[in-house]
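Data first, discussion second: the structure below is written as structure tokens.
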Amino acid sequence: MNSILDTVGRDLRYAFRMLRKSPGFTLTAIVTLGLAIAINTAVFSIVDAVLLRPLPYPEPERLTLMQTITTSPAGAWERTSQNGRAWITVRDHLTTADRAVFSTWVSGVNVVAGSHVTHADQQRVGAGFFRVLGVQPAVGREFNAEEDQRGGPPAVLLGHTFWRSALGADPSIVGKPIMLRGETHTVVGIMPDGTQTGVRADLWTPLRAGTDGEGEGENYEVLLRRLPGVEPQQLDAEIARLGPQINQLIPHDDPDVQLTYNTVPLQRGLTETLRRPLTMLWGAVGVVLLIACVNLAGLLLARSSRRSREIATRIALGSGRAAVVRQLLVESAVLALLGGIAGLLTSMLVLDALETLATDAMDLWQPIALDRRATGVAAILALVSTALFGLTPALQAARVNVRGGLDGSGARTVAGSASRRTRNLIIVTQVALGVVLLAAAGLLLRTFTHLRGLEPGFNGEHVYAATVSLQDARYRTSAQVNAFAETALLRLRQSPGVESAAISLGLPYERLLNIGFRHLDGPQASAQQGRITNATYITPQYFTALRIPLRAGRAFDERDTAASPGVAVVNETMMREYFEGQTPVGRRIRFAGMDREIVGVVGDVQVKPSFGDRGPLAAAPLAYIPLTQASDAMLRQVHVWFGTSIVVRAQAAPEGIAPLMRAAVDSADPMLPFAEVRSMADVQAQAMALPRLMMVLLLALAGAAVALAAVGIHGLISSSVTERTREMGIRMALGATTGRAIATVAAPGVLLAAAGVVTGAIVSRSATTLIQSFVWGVSPNDPVTYVAVAVLFVAVAAVASLLPALRILRLDPATTLRAE
């Protein structure tokens, strides 16, 4: 045992001594590996928090969501959202699992506690939801069946953070009333600190799921916890057996469409939309680590060429080749250890930046942290890296020709052409991998640029918006909502610096309500086929405030009252897609609860489409109705899901807008808070958070790949200059020009990079299918992207090759020949 420790200690001391002798190489290796490990560790922390780390509930493996599989001739797709009939069937007949229903839709609500008025994010859940999750309130209880029935006693569960910040952490609040949504709600419990449900919620209210209203659509999620001893297959089998009973309650006209049911693990169900982009990013950082390891292997091969005399001497003095391999692997392990430490330290900085981007782009129910799991991954990466970048150079070096090494013939002794072939292959490989990453990043950059460059359809300069919640007992009727709108808008229009003001349900760049409509006249009416469109209500100055152009007909005005005939305005996309490009002005549709005449056509604005395969932002079909003609039932329903936006075009400085808007709201309702005041640039940025995250991460990874490829090519040419010093001296002594000698040495780096570019481009054509669902407005085979990537890599290779080749300028042929 002591002899083993002595050997290891001796190898470590020698490794540190040799690394100190080559500070440039050592620093390059540590920085290269540290950067790769830092990026991998940081991205793993995000992937772990969202996809891998067990949910923070007891026995999370028993938690599932009910899933519907829709099969048609066009293909099959899955969804976890269910309607009220499916929930009622499962609630009343399922025997193998405890169950509860909830909504993932978060909406803002108004909270009044004493004199304190605030805006909070509300999630609605059914009775027993937290019991099924396995989380008990820290104080009090959760909702009971009576509270979860329509007409039941109003109740609320408070989140721990909201309880502290808004209610002063008053423990006696349980059992007492607070004003929520304009009604007195009894606080029945306070959830433990850190309670997460997959969305950002400050408090919870009873869902009161039914089969009408929102229950007619797929607006619910059904949470299941398998009973002890029940296997997943048993639960799936029982859900499948209930399928025909559910389908009897959900008739559809198309016999080719089949609905079947099973379950999906809760974590997978809640993260389905994020799983593919995060998995893709995780794979991309793995490629960066592979490039780093390949690069380090090339650097070690080049270094072993320069150490041929040392290695040959050690072998000649009796050190076995196995001992040489062991020693070189120890040096690689030391580099990996130092690189791992550097990576962990760097990942703390990288993680802070990524956490901000990730929090803006997705809902997280677990913190992103550099915890033991992430640290363990960093350690594993360092160990794997040792094997990846250390083994091949060590084996190559141990094959040194002892006689050639001792007589000083240099690199010709270290496996000769085999070593050069290996290093050339390394360069081609890392360039090819870099091209794959850079091409993917380029496509996402082009997509982001496309989305940013989309014609917004309005002028958002000097336009600001505040969101209020009208899901409130004081605003149950259209008359109450319109009275608030009239008072607040009158005050705003009288405020100095305000050009125009309006109210709408949602904003451009946001997801809007989708609703069905039918043609009442024209050639489309005979089909009697329901269509679907995005929809919003507005007040008359909305188009003026946003300067949305009127293309045909008229906009809404004072004549469009609750007592006047129903009207609507549609956008150009709706005209093209649903009216065959013919002007729909004068046509009639059944829409938003009444027959309406289309009185105008306006330009398109960008929204988050809620149906169809249109991308993150698009000019989707959109219909507008006057707020005055929105029915009581419609307003009560849509205000559960969507906030109402107050839109102002103002000349005032941005910091002066919030007080003006607050004063206007107070003039109409001093007990109505609003969430925030945003510019339209802020609204656009929030809509593009996920595309921005994807683009930034891939660009960072691609930049790292380009830098690593440059380092690899530089190392190759630098080694080549060292190896070919004698050859270049002879050539120059025989009359070769310095320029010709430089070109001879630098050319291999450029040629190898070109080969890597071609290889990478071929691989990229297949690899881009993985990101095709994130590419919009540009072809996955976009020639501009591929040409730019090729030019960039060749240019980087030329610079990386030229810099070490310029050392030939300092070469004296006579001195070189005398040394030989």
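The values are calculated or read from the model by the stated rules, or taken from the named source; none is laboratory data. Everything numeric here is computed off the predicted structure, so don't read it as measured data. No Cβ is skipped: glycine too gets one built from the backbone with ideal geometry, and neighbour counts run over all protein chains shown. Heads up: the accessible areas ignore ligands, DNA and RNA and are worked out on the full protein's heavy atoms, side chains in. Shrake-Rupley method; radii C 1.70, N 1.55, O 1.52, S 1.80 Å.
For the chain, DSSP calls about 80 percent of its internal beta bridges antiparallel. Amide hydrogen proximity for residue 620: with H placed 1.01 Å from N in the peptide plane, the residues at 5 or more positions away or on another chain lying under 5 Å are 607. Accessible area per residue for the chain is 42 Å², calculated with a 1.4 Å probe on protein heavy atoms, without ligands, DNA or RNA. Helices in the chain that qualify as membrane-span-like (whole DSSP H runs, Cα extent of at least 18 Å along the helix axis, mean Kyte-Doolittle hydropathy of 0.0 or higher) are 23-47, 272-306, 321-361, 372-398, 416-453, 478-493, 689-723, 738-767, 783-805.
If you add up the charges near residue 92, with Lys and Arg at +1 and Asp and Glu at -1, over every other residue whose beta carbon is less than 12 angstrom from its beta carbon, what do you get?
Summing Lys/Arg as +1 and Asp/Glu as -1 gives +3.
Extension gain, residue 561 to residue 580, is 3.8 nm, computed as 0.36 nm per intervening residue step minus the present C-alpha separation. How high is the relative contact order of region 174-287, in percent, counting Cα pairs under 8 Å that sit 6 or more residues apart? Dividing the mean separation by the residue count of region 174-287 yields 15 percent.
Relative to 2.2 N^0.38 Å, what does the C-alpha radius of gyration of region 79-163 come to as a ratio? Two decimals please.
It is 1.24.
Placing R0 at 56 angstrom, the Cβ-Cβ distance between residue 14 and residue 779 gives a FRET efficiency of 0.50 after rounding to 0.05.
Sort 230-237, 191-198, 286-293 for me by packing, meaning the mean count of neighbouring Cβ atoms within 10 Å per residue, highest on top.
Final packing ranking: 286-293, 191-198, 230-237.
Close amide-amide hydrogen proximity is noted between residue 155 and 186, each under 5 Å apart and 5 or more residues distant or on a separate chain (H modeled in the peptide plane; Pro and chain starts excluded). Sequence-distant contacts, meaning Cα pairs under 8 Å at least 6 residues apart, place the relative contact order of region 457-605 at 25 percent.
Here residue 610 and residue 172 are evaluated by their C-beta separation; at R0 = 41 Å the FRET efficiency comes out at 0.40.
Which of the peptides 257-263, 367-373 is most tightly packed, and how do the rest follow, going by the mean number of other Cβ atoms within 10 Å of each residue? Walk me through the intermediate numbers first.
Numbers: 257-263: 17.1, 367-373: 14.7.
Highest mean packing first, the order is 257-263, 367-373.
Quick one: grab the alpha carbon gyration tensor of region 439-547, order the square roots of its eigenvalues as a ≥ b ≥ c, and give me rounded if a/c is under 1.5, else prolate or oblate depending on whether a/b is larger than b/c. Oblate, because a/c is 1.5 or more while a/b does not exceed b/c. FRET efficiency for the pair residue 675 and residue 27, taken as 1/(1 + (r/R0)^6) with r the Cβ-Cβ distance and R0 = 45 Å, rounds to 0.35. Distances between placed amide hydrogens fall under 5 Å for residue 610 paired with 512, all partners being 5 or more residues away or on another chain. Each residue of region 191-201 was assigned a 3J(HN,Hα) from its phi angle through the Karplus expression (A = 6.51, B = -1.76, C = 1.60, θ = phi - 60°), giving 6, x, 4, x, 4, 10, 10, x, 9, 8, 10 Hz with x at Gly and Pro. Placing a pseudo-label 7 Å from each Cα along the Cα-to-Cβ vector at residue 353 and residue 149 gives an inter-label distance of 5.8 nm. Computed extension length for residue 632-residue 689: 17.1 nm, one decimal, from 0.36 nm per residue of separation with the Cα-Cα distance subtracted.
Each peptide in 550-558, 616-624 gets a packing score, the mean of other Cβ atoms within 10 Å over its residues, and the list from highest to lowest is 616-624, 550-558. For residue 524, neighbours were defined as the other residues whose beta-carbon sits under 14 Å from its Cβ, and their charges (Lys and Arg +1, Asp and Glu -1) total +3. Note on the chain: with neighbouring protein chains present and a 1.4 Å probe, carbon and sulfur make up 58 percent of its accessible heavy-atom surface.
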